[in-house]
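Values quoted throughout were computed directly from the atomic coordinates according to the rules given, and no laboratory measurement underlies them. Note that the structure is predicted; figures quoted are calculated from it, not measured. Positions of Cβ are backbone-derived with ideal geometry, glycine not excepted, and every protein chain shown enters the neighbour counts.
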Amino acid sequence: MSAHAADAVIPHTVEPHPVTGIPNGKFGIWLFLASEVMLFGALFSSYVLIRTQAPHWPPEGGLSSEILNVPLATVNTAVLITSSITMVLAWASCKMGRIDRFRFWMGATVALAFVFLVIKYFEYTHKFHDGHFPSTNNFYAVYFTLTGLHGLHVIGGIVVNTFLLTAGTRLWKTDRDHFTNRVENAGLYWHFVDLVWIFLFPSLYLL
Amino acid sequence: MSASKTHGHAAHGGHDAGHGHHELPFWRKYVFSVDHKIIGLQYAVTALVFLFFGFTLMMLLRWQLAYPGQPLPVIGKLLGESAMPGGVMAPEFYNQLGAMHGTIMVFMGIVPLAVGGFGNYVVPLQIGAPDMAFPRINMASYWAFLPGGILMIASFFLPGGAAQSGWTNYPPLSEVTQTPGQTVWLFAMVLLITSSLLGSINFIVTIVQLRAKGLTFFRLPFFVHAQFVTSFLLLLAFPPLEAAAVMQIMDRLANTSFFLPAGLVVSGEQWHAAGGGSPLLWQHLFWFLAHPEVYVLILPAMGIVAEVIANNTRKPLWGYRLLVYSAIFLGFMSFVVWAHHMFMTGMGTTMSTFFQTTTMIISIPSVVILTCFIMSLYGGAIRYTVPMLFATAFLPMFAIGGLTGLPLGLTASDIYLHDTFYVIAHFHYVVAPGTIFALFAGIYYWYPKVTGKQMNQALGKVHFWLSFIFINGVFMPMFFQGMAGLSRRLYDPTIYAHGRAIQGLNVLISWSAWGLALAQLPFIWNFFASLRHVKVAENPWQSTTLEWAAPSPPPHGNFVTPPVVYRDPYQYSEPGRSTDFHPQFAREA
Amino acid sequence: MDETKYGYWFPPDVSTHGVQIDQLIDIVHWFMLILFVGWGIFFVYCLIKYRARPGHAATYLPPKAQFTKVIEVSVIVIEVLLLFWFSTPVWFAYKNHPPPEKDALVIKLVAEQFAWDFHYAGKDGKFGRTSEASMSGDNPVGMDPDDPDGKDDIVTINQLHFPVNKPVIVQISSKDVIHSFNIPVLRVKQDAVPGTRIPIWFQATKPGHFELACAQLCGLGHYRMRADVLIDTPEEYAKWAAENAPPPAEPPTSAAPENQQGAPQK
């Protein structure tokens, strides 16, 4: 099953449960995503509260789309959506038994994630250079905190996906289905990270 | 009896010959173990240590309340000049003791013991599983908890001491208090929350996916149902507090103003922050977690009480399905009552009516559950074993705690009682002679399962009676302090006339608290000394639930062949049988 | 201050609305007591009657308990009554029917670590402009020195004076952290949340000297954030207001040529 010889054999690690129809890992990742919905939901709710209580928004005038870099963020949106597609293709490659294709598509997913982070790096440093920090006012506080936490989740996804690309591939040799399930679960997480961005982009940059 | 016994060693996690494992090195077997039983014990022992530490903080605090401004003999000088100058407690140290007592007891004591300890150890056994669904995530959750706890305690040693803005940590106070201890509190909370989230995912998947053959949902012991609902509360309620902690970290470290309005003047100086935030936003996010959190504190305890009552009345629980549905309804309702903690913040009539109504509604399932437990005594043959003493005492104690929530949940009466000692008495009755007594019941009850030995019953009875008397001596007078109008969190209650008039109660309470501490000594002695006893029979309580099918202690993997379940969990005193208990896992009819 | 008034139950109630709050607390506690004693009697009965002893076995089948349904329904009915017959009307009346400002004595309150700063409008009935930017040790409420309306305003620290039998409206705010305006004998409590201004009203029925106690942890001085509450007879209040009014402002000296001989000096 796994590298740890001392693990007890846990049922439904790979074969789905007869009633729920899913293996343990998939159930677990969905539960984790439920908690993440509550996390980002709380942040979005806080944004709504802060924004509606403010006399004007952005507090120092202008429009969100003028303060923040909409073209760069649009590119980032395309980057993340594409990375979700490559993630699905990575999983599909596993299902088709093609580990070489898996490596290509997963590699593309990780690369695109890095592109996202690099673009965010440029966005952030540009703001700092202009003297705009989270402390400048609540518009920036919300922007940096929400996109920052999202960025941390992107980094988390990179770590997981890179593991699956490297050390994790050992599992392919002993238990293909188990490995494929792991890729699927990582994919579900990655789609969620993408989905959060799809909410962040319009609500921070456009509205 | 059961085909699932092996010839495993009696040592903790002794290895199972059936799987052909290599022997693990000590640190993989007992430190970074993935076995739910070892992890459960790690949680339980760590949590008990933190519980006693949190209790010690309160005992120190009670000196100042009983004898305001008096130097504390011997110990006072040992605590240093900044905390206790000349042996007299400083007000900021008093506030640290208060804030950390609450934080440690709730997040590092009760929940890790009730869920991480009892849940981890017992749930897989009670459902016939070899371990939790994700053993390595289980290990990770303990190793997030321990550093979080250590970080919390270490904050006492930072300049300015530990957090001192209440366990509720309301800004702006928590943000204008510039000590590093306040920041560390937030980071430690992130670790503790992470631990809970990982654990809750594990519990839900385990309970749904890993039940033994024949173990349908309505054949589960109520303990498992209670842990199941608790896990959903942890999973969904904690993230908003994590979000709030992140925002408060940003306010403290990046000078944002999520919770700070503009124009603050602190100690005569303009406070330099952009403003535009709201202190009430923190309160909403905090209480969105903290209300479900109190049901996290009580549900596992109700689960333990159910097991002990069924076992010691020798008859099935009364209203089993009612109990299950009530627990689920309670869990659901717990998400929509949170603002009853905020009635005095300037809330309008619409919002307060909503929350008063939901608060009244949520009292119903609690009343149902208590009634089912009391009805379970009727027609029984009650054995007053030590676990049963604690479980029985739980019932009136929880009744007092729960009932006294009513005047607090009604806004008009809350005007007078809010932030008084009445509140402290209310919630302590539920958690202390409520939950903690249930946890003691669980320790005495499952000790033979974990160790194969029995705790000394005579010492247990001494522990029970002394604890019962002293704990009521601590908390009952607090209701009267609240009725007299005495506010909570006061370093010196004798500043006010209404405090001076009843200062005698503070002396009574403090001496009861110190007596309560002494009453724990027989327990601590018993806990360790009993390990040297002779081994007892398997299933010494003659229980019907699945955990007693495995050897005591169970080997790695718990059951050699997965057990099968044939009947409901509490088949005691079935007519026409030679024994008064019919285990779930016994093949014969 | 008369300390003998305080003891092991409610302090005296000297407010017009407090009697309903006390009544509600009493009724709820009777309800709680009835439930607890009822449960308790049955509980103790079972503990004794159904204890294990030789010759006594447990009954497997559950008792058919109609009365538990009766209890549940009664509890629900009584809670609905408590909520909608007692608590909600009291709360609504208090929140939704404050006295009109023209009939009341309006006092502004700025709470701070660790004092209560009261600001009275003075004889002209108009409050001087205040701002956080002007707040300092000498100017705790941040009065604008150039605003003529503020010239006759009274500012007190930790002293709340008002006359008996007249509605009082306190507009509560805080300059630093959350505090809570709490006068037990008037049965009032209201958080002072920075960034907000929350009005609260009460009317005293008896004169006397009482205390205001902060009811929200606000730092190391929270315990000593105490103010004297002096409920005066109308005469006492008038005397206090007159004695504490700031001295009248100097008449302005004119630079017009016809006054070259010098305006009279004060």
If you scale each eigenvalue of the Cα gyration tensor by 5 and take the root, what three semi-axes come out for the range C:101-244, rounded to whole angstrom and sorted largest first? 21, 20, 13
Shielding of C:163-175 by other chains, given as the mean Cβ count within 10 Å, works out to 1
In nm, to one decimal, how far is the modelled label at B:His272 from the one at C:Ala57, with both set 7 Å along Cα→Cβ? 8.3 nm
Inter-part gap, Cα centre of the range B:356-430 to Cα centre of the range C:8-31, in whole angstrom, is 22 Å
Expressed in µm² per second, the diffusion coefficient of the range C:11-95 from the Stokes-Einstein equation, with Rh the Kirkwood radius over alpha carbon pairs, at 37 °C and 0.692 mPa s, is 201 µm²/s
Share, in percent, of DSSP beta bridges within the protein assembly as shown that are antiparallel, nearest 5: 70 percent
Just tell me how shielded B:232-244 is by partners: mean number of partner chain Cβ atoms within 10 Å of each residue's Cβ, no decimals. 5
For A:127-137, what's the mean count of beta carbons from other chains sitting within 10 Å of each residue's beta carbon? 3
Dipole of the range A:24-206, Cα-centred, from +1 at each Lys and Arg C-beta and -1 at each Asp and Glu C-beta, to the nearest 20 debye? 700 debye
With just the Cα atoms defining each centre, how far is the range C:52-71 from the range B:110-163? Give it in Å. 40 Å
With axes computed from alpha carbons, what is the tilt in degrees of helix B:222-253 against the longest principal axis of chain B, rounded to the nearest 10 within 0 to 90? 30 degrees
How large is ³J(HN,Hα) for each residue in the range A:42-50, as worked out from phi by the Karplus curve 6.51 cos²θ - 1.76 cosθ + 1.60 (θ = phi - 60°), to whole Hz, x for Gly and Pro? 5, 5, 5, 4, 5, 4, 4, 4, 5
Förster radius 25 Å - calculated FRET efficiency between C:Thr205 and B:Asp492 (Cβ-Cβ, nearest 0.05): 0.25
Could you calculate the FRET efficiency of B:Leu508 with B:Phe52 from 1/(1 + (r/R0)^6), where r is the beta carbon distance between them and R0 is 25 Å, rounded to 0.05? 0.65
Starting with the fewest neighbours, write out C:Thr68, B:Thr103, C:Thr4 ranked by other beta-carbon atoms found within 10 Å of each beta-carbon. C:Thr4, C:Thr68, B:Thr103
What 222 nm value per residue comes from the helices of chain B, counting each DSSP H run with n ≥ 4 as -39,500 (n - 2.57) and dividing by all residues, nearest 500 deg cm²/dmol? -18500 deg cm²/dmol
With bins 10 Å wide starting at 0, give me the P(r) of the range A:24-206 over every alpha carbon pair, in whole percents. 9, 35, 30, 17, 8, 2, 0
At a Förster distance of 60 Å, what's the computed FRET efficiency of B:Leu518 paired with A:Glu123, Cβ-Cβ distance as r, to 0.05? 0.45
Sequence order, the range B:495-509: Karplus ³J(HN,Hα) from phi using 6.51 cos²θ - 1.76 cosθ + 1.60, θ = phi - 60°, Hz rounded, Gly and Pro as x, gives 5, 9, 4, 5, x, 4, 4, 10, 4, x, 4, 4, 5, 4, 4
Per-residue Cβ neighbour rank within 10 angstrom, fewest leading, B:Arg532, B:Arg500, B:Arg321: B:Arg532, B:Arg321, B:Arg500
The base-10 log of I(q)/I(0) that the Debye equation returns for the range B:214-292 at q = 0.13, 0.19, 0.25 Å⁻¹, one scatterer per C-alpha, is -0.55, -0.83, -1.09
As computed over the range A:22-106, the Cα convex hull volume per residue (Å³): 112 Å³
Take C:Ala245 and A:Thr52, extend 7 Å from each Cα along the Cα→Cβ direction, and tell me the distance between the two endpoints in nm. 4.7 nm
What size of dipole, in debye to the nearest 20, comes out for the protein assembly as shown about its Cα centre when the only charges are +1 on Lys and Arg C-beta atoms and -1 on Asp and Glu C-beta atoms? 4420 debye
Along the three principal axes, how long is the protein assembly as shown when you take its alpha carbons, biggest first, rounded to the nearest angstrom? 118, 77, 57
So for chain B, what percent of the C-alpha to C-alpha distances run longer than 47 Å? 13 percent
Could you sort C:224-237, B:160-173 so that the peptide with the highest average Cβ count within 10 Å comes first and the rest follow in order? B:160-173, C:224-237
Between the alpha carbon centres of the range A:93-145 and the range A:149-188 the gap in Å comes to 18 Å
Sort B:Thr494, B:Thr392, A:Thr125 so that the residue with the fewest other Cβ atoms within 10 Å of its own Cβ comes first and the one with the most comes last. A:Thr125, B:Thr494, B:Thr392
Can you give me the angle between helix C:66-81 and the longest principal axis of chain C, using Cα atoms only, in degrees from 0 to 90, rounded to the nearest 10? 10 degrees
Cleavage-rule hits (trypsin sites (Lys or Arg not before Pro)) in the range A:16-102: DSSP loop, at most 10 neighbouring Cβ within 10 angstrom: none
Can you run phi through the Karplus equation (6.51, -1.76, 1.60; θ = phi - 60°) for the range B:27-40 and list ³J(HN,Hα) in whole Hz, with x for Gly and Pro? 5, 7, 8, 10, 9, 9, 7, 9, 7, 4, 6, 5, 4, x
Would you mind checking which residues have amide H under 5 Å from B:Leu317's amide H? H placed 1.01 Å from N; only 5 or more apart, or other chain. none
Extension gain, A:Trp30 back to A:Arg170 (0.36 nm per residue minus Cα-Cα distance, nm): 47.9 nm
Enumerate the amide H contacts of B:Ala262 below 5 Å, restricted to partners 5 or more residues apart or on another chain; note that Pro and chain-start residues carry no placed amide H. B:Gly276, B:Gly277
